[in-house]
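As structure tokens, the structure follows; a few thoughts come after it.
The values are calculated or read from the model by the stated rules, or taken from the named source; none is laboratory data. It should be emphasised that the depicted structure is a prediction, and the values quoted were computed from it without experimental measurement. Here the Cβ positions follow ideal geometry from the backbone for every residue, glycine too, while neighbour counts run over all protein chains shown.
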Amino acid sequence: MARFTKDLPQIAMRDDVRAELLRAFAAPQFERSPVMRRLLSFLVEKAAQGEGARLKAYTIAVDALGRPPNFDTQADSYPRVQVGRLRKLLDAYYAECGIAGDVRFHIPKGGYEMRFEASAVPEPAPSVPAAPESQDPPPPFAGWTGWEIFRFAAVAFLAVIIGLLAWQGLEATGFRG
């Protein structure tokens with residue numbers, strides 16, 4: 001992880017945020033992507049400085065992604081695309097690597113502000129003795145939705161109608177099978 005310390009923002013930030021940033025940089029999703037590491041580092045830095053809510057596509061393009069000062073956000077969606085990629089990488093990172101620290105990085109859709117969310121480590125469920133199994137059979141149609149019951153009833157009704165029509169047709173021809 002020491003090789004990624006050069007990618008860390010050079011500002012004071014919470015230890016848990018710095019540790020999570022280093023963990024993310026070392027993950028397979030970010031290890032070979034200097035652009036994503038630079039963007040993640042920039043967004044974390046701006047959030048730590050309290051400037052995350054004011055971020056615009058132009059600032060991200062020029063300051064984080066190295067675009068020239070004459071960059072036109074109307075003509076080029078590069079910053080929006082890269083932030084979208086970063087959202088997906090963060091989702092993949094947390095899905096694959098889990099949440100090891102006290103903080104989780106999150107970028108809500110529709111903006112560029114990095115959020116630091118408290119990691120919700122699931123607490124073990126209290127051990128409750130298992131209820132004795134009931135010997136009663138489940139009620140008919142247990143687990144069926146109202147729509148499934150309606151479809152079953154409609155098919156059964158149509159089958160009865162078709163059967164009656166067929167029976168009347170056979171009687172009309174004099175068939176006594």
Of (1) on the phi > 0 side of the Ramachandran plot; (2) at pLDDT 90 or above, GLN82 fails just (1)
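For the range 90-110, check the following and say yes or no: at least one residue is in a helix (DSSP H, G or I) and either over 16 Å from the mean Cα position of the chain (by Cα) or at pLDDT below 70 (or both). Show your work before the answer.
Let us first name the residues in the range 90-110 that are in a helix (DSSP H, G or I), namely 90-97.
After this cut, where a residue has to be either over 16 Å from the mean Cα position of the chain (by Cα) or at pLDDT below 70 (or both) as well, the list is none.
No, there is no match, as no residue in the range 90-110 is in a helix (DSSP H, G or I) and either over 16 Å from the mean Cα position of the chain (by Cα) or at pLDDT below 70 (or both).
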For ARG37, the lone unmet condition from (1) free of Cβ contacts under 8 Å to residues at least 60 places away in the same chain; (2) out of contact with any Asp or Glu (no Cβ under 7 Å at 6 or more places or on another chain) is (2)
Of those in the range 40-63 that are in contact with a helix residue (DSSP H, G or I) (Cβ under 7 Å, 6 or more places away or on another chain) and of a type in the set (Gly, Ala, Ser), the residue nearest to PHE30 (Cα to Cα) is SER41
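Can you work out which of the residues in the range 28-53 that are in a helix (DSSP H, G or I) and small (Gly, Ala, Ser) is surrounded by the most Cβ atoms within 10 Å (Cβ to Cβ)?
Here is the first cut: in the range 28-53, the ones in a helix (DSSP H, G or I) are 28-31, 34-48, 52-53.
From what's left, small (Gly, Ala, Ser): 41, 47-48, 52-53.
Working: SER41: 20, ALA47: 22, ALA48: 19, GLY52: 19, ALA53: 10.
Among those that are in a helix (DSSP H, G or I) and small (Gly, Ala, Ser), it is ALA47.
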